[in-house]
1. Explain nothing, just compute: Karplus ³J(HN,Hα) = 6.51 cos²θ - 1.76 cosθ + 1.60, θ = phi - 60°, for every residue of the range 201-211 in order, whole Hz, x for Gly and Pro.
2. Only Cα pairs under 8 Å and at least 6 apart count here; give the relative contact order of the range 110-243 as a rounded whole percent.
3. What size of dipole, in debye to the nearest 20, comes out for the chain about its Cα centre when the only charges are +1 on Lys and Arg C-beta atoms and -1 on Asp and Glu C-beta atoms?
4. Can you compute the helix-only [θ] at 222 nm over the chain? Use -39500 (n - 2.57) per DSSP H run of at least 4 residues, normalise by all residues, nearest 500 deg cm²/dmol.
5. Could you order peptides 239-249, 60-70, 140-150 by the average number of other Cβ atoms within 10 Å of their residues, highest first?
6. With a cut-off of 8 Å between alpha carbons and a minimum separation of six or more residues, what is the relative contact order of the range 54-137 in percent?
7. What nm distance separates the two modelled labels at Leu88 and Ala268, each placed 7 Å from Cα along Cα→Cβ?
8. Using unit Cβ charges (K, R positive; D, E negative) and no other charged atoms, how large, in debye to the nearest 20, is the dipole of the range 118-171 about its Cα centre?
Amino acid sequence: MTNDIVAARDMLALRGGRVETIRLAPSRRTTSRVPSTEVRAPTLIFLHEGLGSAGLWRDFPTRLVARTGCPALLYSRFGYGASDPVPLPRPLDYMQREALDALPELLERAGIGDHILIGHSDGASIALIYAALVAAPGLRGVVSEAAHVFCEPVTVAAIERAQADFRSGRLRDALARHHGANTDVAFNGWCDVWLDPGFRAWDIRPDLESIHVPVLALQGDDDPYGTALQLDAIRQRIGSGAQIRVVERCGHAPHRDQAAVVADAIAAFIERCCDDMPETRDSPAK
């Protein structure tokens, strides 16, 4: 299924430094749902979780590119993967800064037009903030996996357990395979913000009311990092524009725990977003 996918890794220069990127593109159209002569295929932008990176999405983006015929761009935020590090501590509004500053600049530098954001955990929160407050004309939809829209006690408790695992060396060794020299920056930059007492008041629920693109919000039924209150808030604040789905027998990473189910749901959502896009006779988006 993935033999027709062309992958290219690069370092993209932004004002704050260089970020690791992976571009995926079908070498030929793998689906007729996004005809190259009628509708430009939107680029799928993958935003990783709080301890993730471009590479930690594994083969899931490749599977979606093959399913949909849409190209994709994955990137590691500053301080993650092979991207340049950041000074610590991170500011408590680091997700807002990513959504309002780094992500728009990245999309511009990468030459991205029509796009659909696919975010996981912190990445999903960043995607929702971007959709609410940036409202870029090329944004066609948002897929939110296990987003945080406010700080819950269960999230804090789960991160305290992760901190103990990191200090014991088990989690650090696992993360080092993906973050290398950024391992301590990646973990401590994320952990220290979430465990800061000042972060208990972090809440993006009011911003969600400004989202006017389709949203698919997914969350596992056994997510240790958040309860169903997160999905309830997305439903209440976005309204009919949000499609809510609880993924059964699933933890914090639906695209890993229930890959086939989640791929089906996201592919159907992308298809609907493409159906709503204006027709053009130009060549497909890069």
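Bear in mind that the values in this text are calculations on the coordinates, not laboratory data. Source: prediction; values computed, not measured. Quick reminder, even Gly has a Cβ in these numbers, built from the backbone with ideal geometry, and neighbours come from all protein chains shown.
1. Karplus values, whole Hz, x for Gly and Pro: 8, 4, 7, 9, 4, x, 5, 4, 5, 8, 7.
2. On the way: 194 pairs, mean separation 42.1, N = 134.
Computed value for the range 110-243: 31 percent relative contact order.
3. 680
4. -10500 deg cm²/dmol, from helical runs alone.
5. Ranked by mean Cβ neighbours within 10 Å, highest first: 140-150, 60-70, 239-249.
6. 22
7. Between Leu88 and Ala268, the simple spin-label model gives 4.3 nm.
8. On the way: 4 positive and 5 negative charges, 23 e Å.
Using Cβ point charges on Lys, Arg, Asp and Glu, the range 118-171 gives about 120 debye.
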